[in-house]
Amino acid sequence: MKIQRRVFLKVGLATAGALAARSAWGNVGPDEVQEPQWEGVPGEEKEVYSVCQMCPNGCGIKVRVYEGRVIKVEGHPGHPLNKGALCPRGQAAPRLLYHPDRLTYPLVNKGSKKQANWQKLTYEEALDVLAGKLHDLTGNRSNHHLVAASGSFSDLDDFILERFCNSFGTPNYLKFESLGRRAMSMAMGLTHGSYSPPSVDWDKCDYLMLFGAEPGATDNSPMPMMNGFGKMRQGRAGRRTKIVHIGTRYTPFSSKVDEWVKVNPGTYGALALGIAHVIISEERFDTEFIDRFSLGFRDMTEIDGTTKPGFKEHVLRNYSPEAVSSITGVPNETIIRLAEEFADGKPAVAYGGDGPASYSNAVTELVAIHCLNALVGSIDVPGGIIIQQSPSLKKEKSSPTDALFAYNLKQPRVDGLRQSSDLPVFSTMSGLPSRLVEAVPYPIDVLMLVDLDPVANLPGSANWQKALEKIPFVVSFSNHLDESSKLADMIIPNGTFLERWDGKSVDSSTGFPVWGLGRPVIESPEGQIDTSSLVLKLANKMGDKMGSFFPWGSTKDLLREMSSGLQASAGEDELWNELDSQGFWSAGPYSFGQQKEVYKARGSRFNFYMYLMEAASADLYEGGFRSQGSTSGRLTQSDFLPNHISPEFSEAGVDYPFHLELFGTTVSGHGRWSLLDGLQEILELGLNRSWRRLLLINDYTAEQYDFANDMPVWVESSSGKILAYVKKSKVMDRSCVGMIFGQGRPNHNADPRANQTPFSLLGEQISPIGGGYCWGGTKVKVYKA
Amino acid sequence: MARWGMVIDLDRCTGCQACVVACRQENNIPEVGPEQAAMGRGIYWMQLIEEKEAAHEDAHIAYLPRPCMHCDNPLCVKVCPVGATYKNSEGLVGQVYARCIGCRYCTTACPYTARYFNWYKPEWKPEEKKYLSPDVSLRPKGVVEKCSFCVHRIRKARRKAKDENRELVDGDVVPACGETCPSKAIFFGDLDDPNSEVSKLAKSRRAFRLEDHLGTGPKVIYLREGEWSE
Amino acid sequence: MSDSIAAVTTPMRQDHPLIKPVAVSGRGFYIATLALLIVMSWAFFAWFTQFMNGLGETGLNRPVYWGIYITNFVFFVGISHAGTLISAILRVTGAEWRRPITRAAEAITVFALMVGPINVFFDLGSPHRVLNIVFHGQLNSPLIWDVICISIYLMSSLLYLYLPLIPDIAELRNAGVKPLWFYRLLAIGWQETEKQKRLLKKMIGFMAIAIIPVAVSVHTVVSWVFAMTIQPMWHSTIFGPYFVVGAIFSGIAAIIIAMAILRKVYKLDRYLKPLHFKNLGILLMVMACLWLYFTFAEYLTTFYGGEPSHMAVFYAKIAGEFAPMFWAMVAFCFIIPFPILAIPKFRTITGTVIASISVNIGMWLERYTIVVPSLSNPRLPISEINYTPSWVEWSITAGCFAGLTLFYVLFSKIFPIISIWELKEGGIDVGSGPEITGAAS
């Protein structure tokens, strides 16, 4: 029957269907086949050693190049600084090399700054234009009207630009260090006499007090602390370093340490002095160290009969735990306990980072923190503070003989720099933009920006914009049409560090000198020329006179010559071959006990009483540094001892109720690499957000203001305003709001109102000693957008 | 035959996310862009996940790096209707992009939420394609992907050992995350080799595994923060 | 011999109320069809956008990897249990009042079973590889169990729909309804001989019994897609029976709605009487109580156990972001319909229809609150990612409802929606024309 047939068909189909889904119960799949053998990928592949320049640290890298393309950057396994490891920013280097927005040829603006009309130029033409402008300056005898402002991390650029400025006849070679670096270096300068940030022998430290410092969340020597953290915690059998994190805000890192101590903004140094008080009063200080290696601990009688106060009495008199407790908000008992643990926990280190470095009182705060190391004898010992030695490169100082050049060189620097014993005791780097706008001390006619985007990445953003608009000729050596380059008259792309020859000293924590050789791991994809090579060419275009100071045919030749100074015992060829094959040269191990290397200040000792500061007091006073003690503000002796000075805040009051905490993370650093999509998409710790600029605000405060998460709000200071998105946070103090450097990018936001960077909120607050930037003392108001 | 496992020492981890960035670069993981990332569609084979507790003063934000656990008893493999995910003889849970139909059953079954999906076609600008690695295939839209324990590195190391006429030894295979970690918090090796570093560390008093009680048998072992121990 | 003799009865005419809807189409039909086609075209456009661009066009994300499509899948497969209950269970239990409504119910089953699983196809990231399910299917995967069971159920239901349809098609053929070749073909030579009648009865009887376990298996394996994982508030032993109950629940509600519309549009008051709605209403009420019982048992057990990862999902549903949906579900599934159905005064046609609409809304919400909250509160917490369905998902959902409705409307236009054969088998004199000769019991 037809119907029966249908039944049969139906059943048959169903069975067939079930069979068609045939398989055994279990995992059936490609593993039925043997695991495939790696047959390799056709194409040429090689590994090239070089040096990373994503931050000033100088880690060695091993670059994997496939068919002429950089596909991965790893840490150099043998490099003494990073030992095969690499931080997130280094890993993102290929993204920098192959950034889709990279400029590939020089551009000149034939229109106006308001209405740009970029025209293509060759490198030769661009350098000719620049040379022409410089010749004009010479013609007017105003060579000093050239400013070369460099944010490059390259040692070679540093050498060549300085040499260029010297031989051209302008004092205005301004090196813009990473945020906080100047303050950290000045603190060491005043106490040790050498201008370099502190290094730590992390691996052997047993007790670590981090004042506003976190591993990696900065552009200042991120790698050593990250590397050291692992070793300190679980790298030594039977020992685990106790770590105390002192900060204004509970961060994800705070959850990893043994104790988190909350301190009021800008009062880190006061806490250090309170701890010092306890150490001194309980006599837990290292007498031997103090007697042998320090000056100014006790009151001193000078040869001429005058007396100078000493650190001991000064602290005992002024910084009792009770007094300090009310300044810092840290309970009395905690101060006492920390002091006792620190003194007993040798080798113990007190390390001040971005936290104290961000306020106007940065240098003195960092000095106070560093004094703790001296108190317990944690300097120049295993597990303590060490001074990074620099490789002895063969660097000829340029010595121009033309009278005109010499006269110009003696002009005051545009940043008002005053030096004392080679220390930049006073400068207004942070106040530079308004000086440029007001033509103080003289107008600037040519500004060279090298790897520097001041509008986006430096405080005083609004004034930088005005300055760039005002200066008649601005040339930006940059690979991108960034915020500052847009206002330039000419842009010259200078390639990335993966395409150039370079030399880089390691700047911290190996102790012994290490010099890395950077090389072009690939040919520059579009034929870009690096800054140093460009300046070499430029110098030779300026005429024979200047050219004679730049006799090298190429930067590679220059590097070869520089490297010949590294090791007297080795031949130049031998040395160069070692460098070439290994990618770095080092002279380990570090030897302790070289007193004259460690202490270059008075007496070849640690200066509790900062003689250098005393010597520079007139400059400091002129620069605006005032005494806390005397009513006239004139500096007295007690000012040359470590003091806590209240930090300055920008316009505050009811109008600007919140303290703005700007901070970096391991992924964003100080915000320089916000142009890398690969880093933007990383979710920031504790926030579960990416790409967008967040404003961290206390839960309760957010409720009061009726803010919800992801709501756009304006954040405004007396210097400017930017858009951010609310992120409620339980750990922000009610009086603070937080923002991360580098979140969100200029001109890449869905909402064009979010196109500026947090630097637009920062005014030109000056840190009186040294002139480093302040980014911690800004008050803001917040309201819905 | 090895049995690959990973040990992550949380006491060493600084939360720097170098592992996250290295993994993305090594495995050609695309960016999805701001709007998509805000929707929660970012792809992070290695991701730092957080545990937040309590209110202000006690706000404990612990975090740990979470790759795929490569479970011994993988729940994702159980539910895949087409056998696009499978457990191989070395304990790796593999993903066959060419077979995946994108039903996302595995993503909902995984108790670690360690799997990711390509909601759109992954895109790179022409310039960006230059940094893509030839070792790892690019995924089309509509398939699931996850951490592979850098299987391409395992295979390369094995091939290299074979070419050199020797066996694989501990330390031959280093995944991208482990290679880059600045505090050397990530270890990788053969759990069946009693002398390998991971085997020894797995026996530590500090060792624990995530969601262990579920019986998934994860092969990523964490060492909790605490006093130094062997 | 006498077995093979065709029965001699007066053939029904085209103006018979049960045949007229097939023979004659009014303007309403064309307007309705056009409107539904427009909605379906829009849904197709939405799907096409998704097909070309990727599932990114939905609102899905990590961790909410499943959303509206899976909700629709479970919902429509659930509705499909209508037919089985009415046709099969009521047949097996000898409930005579079922006779006019069996076909309407069976039709819902068949078309819901087409619309449901197609949502899984929409949900695939790589739909062009869907045949991998056939070529590389893994029997350990609950999704493959779904494929097998739903395929079997669909084919069985098609057969079970077709068998009693044969005599009716013959009536249409005899009445000369166009296109004649179509009905002649599908009637496969039915002459109402004794032999044929016996065979048909036997086959239908067999199918009625066989299809019940198939139907139970279908929604059980659909529930096991969730229950076989270990996710909080998915991994529950009660899911199998819970989903079957829910399916029957929503299925009955769907029939009631369908019947009410058919009654109005095709003027079938003589055949679809208040009694049918009353009885179905009682069944619906019973299912509502059963549903409430299972739901209560599920949530109380979770709450009492207090396991943290489960409680996260629990609180999300009871008091958190899904609370409005959850409590709306309770209202729509029980609080609103129960009084209407329990109080005889309200158990009218209008009352039961209102209750049924409420139940279907509630049951759709129930599927949603099963699928999404467990995903948005995973064991390893991911904070603050919400799922908001996109226009594509809503459009396709609208398309599914439109599609189901359209298939149904077309079906009722091609075949008599009330089973003439079934009425005759029950001893009702159907008559041959519009004269009122008998009422359905």
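When a/c is below 1.5 the answer is rounded, else prolate if a/b is larger than b/c, else oblate, so apply that to the stretch A:174-227 with a ≥ b ≥ c taken from the square roots of the Cα gyration tensor eigenvalues. The shape class here is oblate. With bins 5 Å wide beginning at 0, the percent of Cα pairs of the stretch C:8-147 falling in each bin runs 2, 8, 10, 14, 16, 15, 12, 9, 7, 5, 2, 1, 0, 0.
Based on DSSP, what percent of beta bridges with both residues in the protein assembly as shown are antiparallel, to the nearest 5?
Taking every DSSP beta bridge with both residues in the protein assembly as shown, the antiparallel ones total about 60 percent.
Residues in the stretch A:250-380 average 31 Å² of solvent-accessible surface per residue, probe 1.4 Å, ligands and nucleic acids excluded.
Beta bridges per DSSP, both residues in chain B: antiparallel share near 85 percent.
Using alpha-carbon pairs under 8 Å, 6+ residues apart, how would you state the relative contact order of chain C in percent? Display every interim value, and only then the final one.
Details: 626 pairs, mean separation 139.8, N = 441.
Across chain C, relative contact order equals 32 percent.
Working note: Karplus 6.51/-1.76/1.60 with θ = phi - 60° gives the stretch A:603-613 the couplings x, 6, 9, 5, 9, 5, 8, 8, 4, 4, 5 Hz, where Gly and Pro are set to x.
Hey, got the dipole for the protein assembly as shown? About the Cα centre, +1 on K and R Cβ, -1 on D and E Cβ, debye to the nearest 20?
Working: 144 positive and 143 negative charges, 1309 e Å.
Result for the protein assembly as shown is approximately 6280 debye, rounded to the nearest 20.
Taking all protein chains in place and a 1.4 Å probe, what share, in percent, of the accessible surface of the protein assembly as shown do carbon and sulfur account for?
Details: 29750 of 52210 Å².
Here it works out to 57 percent.
A simple count of charges around A:Ala467, restricted to other residues whose Cβ falls under 15 Å of its Cβ and scoring Lys, Arg +1 and Asp, Glu -1, yields -3.
Would you be so kind as to list the residues of the stretch B:99-113 that have their accessible area lowered by at least 20 Å² in the full protein complex compared with their chain by itself (1.4 Å probe)? SASA drop of 20 Å² or more in the stretch B:99-113: B:Arg99, B:Ile101, B:Cys103, B:Arg104, B:Tyr105, B:Thr107, B:Thr108, B:Ala109, B:Pro111, B:Thr113.
So which of A:Lys62/B:Lys141; A:Lys62/A:Lys231; A:Lys113/B:Lys129; A:Lys72/A:Lys556; C:Lys178/C:Lys267; A:Lys133/A:Lys175 end up more than 26 Å apart, counting from Cα to Cα?
Values: A:Lys62/B:Lys141 33 Å; A:Lys62/A:Lys231 23 Å; A:Lys113/B:Lys129 34 Å; A:Lys72/A:Lys556 24 Å; C:Lys178/C:Lys267 22 Å; A:Lys133/A:Lys175 22 Å.
In this structure, A:Lys62/B:Lys141; A:Lys113/B:Lys129 lie more than 26 Å apart at Cα.
Backbone amide hydrogens, once placed in the peptide plane, bring A:Asn57 within less than 5 Å of A:Ser221, excluding anything fewer than 5 places away on its chain. Could you give log10 I(q)/I(0) at q = 0.12, 0.13 Å⁻¹ for the stretch C:250-399, computed by the Debye formula over C-alpha point scatterers of equal weight, without solvent? Once normalised to I(0) and log-transformed, intensities are -0.61, -0.69.
Place the peptides C:196-204, C:63-71 in order of packing, highest mean first, counting for every residue the other Cβ atoms within 10 Å and averaging per peptide.
The packing order, highest mean first, is C:63-71, C:196-204.
Name the residues of the stretch A:664-712 whose accessible area falls by at least 50 Å² when all protein chains are present instead of the chain alone, probe 1.4 Å? Residues shielded by partner chains are A:Glu681, A:Ile682, A:Leu683, A:Leu685, A:Gly686, A:Asn688, A:Trp691.
Karplus-based coupling profile of the stretch B:73-90, in residue order and whole Hz: 10, x, 6, 5, 5, 4, 9, 5, x, 10, x, 7, 10, 8, 9, 8, 5, 9, with θ = phi - 60° in 6.51 cos²θ - 1.76 cosθ + 1.60 and x standing for Gly or Pro.
Quick one, could you list the DSSP H helices from chain C stretching 24 Å or more along their long axis (Cα atoms) with average Kyte-Doolittle hydropathy of 0.5 or above?
On the way: long enough: C:27-53 (39 Å, 1.20); C:102-123 (32 Å, 1.11); C:142-175 (48 Å, 1.15); C:194-227 (49 Å, 0.94); C:239-265 (38 Å, 1.83); C:274-305 (46 Å, 1.03); C:349-376 (40 Å, 1.04); C:391-414 (33 Å, 1.21).
Span-like helices here: C:27-53, C:102-123, C:142-175, C:194-227, C:239-265, C:274-305, C:349-376, C:391-414.
As I understand it, the dipole of the stretch C:1-136 uses +1 on the Cβ of Lys and Arg and -1 on the Cβ of Asp and Glu, about the Cα centre. Which of C:Ile89, C:His16, C:Ala107 lies farthest toward its positive end? So the residue we want is C:His16. Expressed as a fraction of 2.2 N^0.38 Å, the value expected for a compact globular protein of N residues, the C-alpha radius of gyration of the stretch C:166-260 is 1.65.
In this Cβ point-charge picture (+1 for Lys and Arg, -1 for Asp and Glu), the stretch A:503-646 has a dipole of about 600 debye about its Cα centre.
Based on the Cα gyration tensor of chain C, what are the three equivalent ellipsoid semi-axes, each the root of five times an eigenvalue, rounded to whole Å and given largest first?
Numbers: eigenvalues 324, 112, 86 Å².
Rounded to whole Å, the semi-axes are 40, 24, 21.
Calculated on C-alpha atoms, the gyration radius of the stretch A:194-344 divided by its Kirkwood radius gives an Rg/Rh of 1.01. Projected over every direction and averaged, the convex hull enclosing the alpha-carbon atoms of the stretch A:451-580 yields 10.9 nm².
In chain A, the DSSP beta bridges split such that about 55 percent are antiparallel, to the nearest 5.
Which loop-located GluC sites (Glu not before Pro) does the stretch A:481-577 contain, where loop means any DSSP state but H, G, I, E or B and the Cβ has at most 11 other Cβ atoms within 10 Å? Mind showing how you got there, number by number?
Values: sites: A:Glu483, A:Glu499, A:Glu523, A:Glu526, A:Glu561, A:Glu572, A:Glu574; in loops: A:Glu483, A:Glu523, A:Glu526.
Passing both the DSSP loop test and the Cβ count: A:Glu523.
Remark: for residue pairs A:Lys242/A:Lys262; A:Lys242/B:Lys219; A:Lys46/B:Lys156; A:Lys120/A:Lys466; C:Lys201/C:Lys424; A:Lys395/A:Lys596, the C-alpha separation exceeds 20 Å in A:Lys242/B:Lys219; A:Lys120/A:Lys466; A:Lys395/A:Lys596. Among B:Tyr112, B:Tyr63, B:Tyr131, whose mean-square fluctuation peaks in a Gaussian network model of chain B (Cα, cutoff 10 Å)? So, out of B:Tyr112, B:Tyr63, B:Tyr131, the one fluctuating most is B:Tyr131.
Interface size, chains C and A: roughly 1900 Å² of accessible area buried, both sides included, 1.4 Å probe, rounded to the nearest 100. Between C and B, buried accessible area from a 1.4 angstrom probe totals roughly 3600 Å², ignoring ligands, DNA and RNA. Counting Lys and Arg as +1 and Asp and Glu as -1 over every other residue whose Cβ lies under 12 Å from the Cβ of C:Glu393, the net charge comes to -2. Note on the protein assembly as shown: Rg/Rh from C-alpha atoms, Kirkwood Rh, equals 1.08. When chain B is treated as a GNM with alpha-carbon contacts under 10 Å, the residue of B:Asn27, B:Asn88, B:Asn165 showing the greatest mean-square fluctuation is B:Asn165.
I need to check one value: relative contact order of chain A, counting alpha carbon pairs closer than 8 Å and at least 6 residues apart, in percent. Mind dumping the intermediate values first?
Working: 1741 pairs, mean separation 138.8, N = 785.
Once divided by the residue count of chain A, the mean separation gives 18 percent.
The average projected area of the stretch A:331-487, computed from the convex hull of its Cα atoms over all directions, is 14.3 nm².
So for the stretch B:4-223, averaging the separation of alpha carbon pairs under 8 Å that are six or more residues apart and normalising by length, what relative contact order in percent results?
With pairs under 8 Å counted, the relative contact order is 30 percent.
What does the structure give for C:293-305 when I average, per residue, the other chain Cβ atoms found within 10 Å of the residue Cβ?
Numbers: counts 0, 0, 0, 0, 0, 0, 0, 0, 0, 0, 0, 0, 0.
Average per residue, whole number: 0.
Taken along its three principal axes, the alpha carbon spread of chain A comes to 130, 69, 61 Å, from the longest extent down to the shortest.
In the stretch A:714-756, a dipole from Cβ-located charges (positive for Lys and Arg, negative for Asp and Glu) runs towards its positive end, and of A:Gly744, A:Trp714, A:Tyr725 it is A:Tyr725 whose Cα lies farthest in that direction.
Against the compact-protein benchmark of 2.2 N^0.38 Å, the Cα-based radius of gyration of the stretch B:4-223 scales to 1.03.
A Cβ-based charge dipole, computed about the Cα centre of the stretch B:4-223 with Lys and Arg at +1 and Asp and Glu at -1, lands at about 800 debye.
DSSP loop (so not H, G, I, E, B), at most 16 other Cβ within 10 Å: list which trypsin sites (Lys or Arg not before Pro) in the stretch A:437-534 pass both filters. Write down the numbers at each step before the final one.
Details: sites: A:Lys466, A:Lys470, A:Lys486, A:Arg500, A:Lys504; in loops: A:Arg500.
Listed in order of number, the matching sites amount to none.
So for the protein assembly as shown, taking the charge dipole from beta-carbon charges (+1 Lys/Arg, -1 Asp/Glu), which of A:Trp260, A:Leu536, C:Met228 sits furthest toward the positive end? Toward the positive end, the furthest listed residue is C:Met228. Mean per-residue shielding of peptide A:64-71 is 4, counting Cβ atoms of other chains within 10 Å of each Cβ.
Provide the buried accessible surface between chains A and B in square angstrom, both chains summed, 1.4 Å probe, rounded to the nearest 100. Before the final figure, lay out each step's value.
Details: alone 31330 and 12850 Å², together 37890 Å².
Using a 1.4 Å probe, the pair buries roughly 6300 Å².
The values are calculated or read from the model by the stated rules, or taken from the named source; none is laboratory data. This one's a predicted model, so the numbers in the text were calculated from it and none came from an experiment. Backbone-built Cβ (ideal geometry, glycine too); neighbour counts: all protein chains shown. Areas reflect the complete protein model, heavy atoms only, side chains present, ligands, DNA and RNA absent. Shrake-Rupley method; radii C 1.70, N 1.55, O 1.52, S 1.80 Å.
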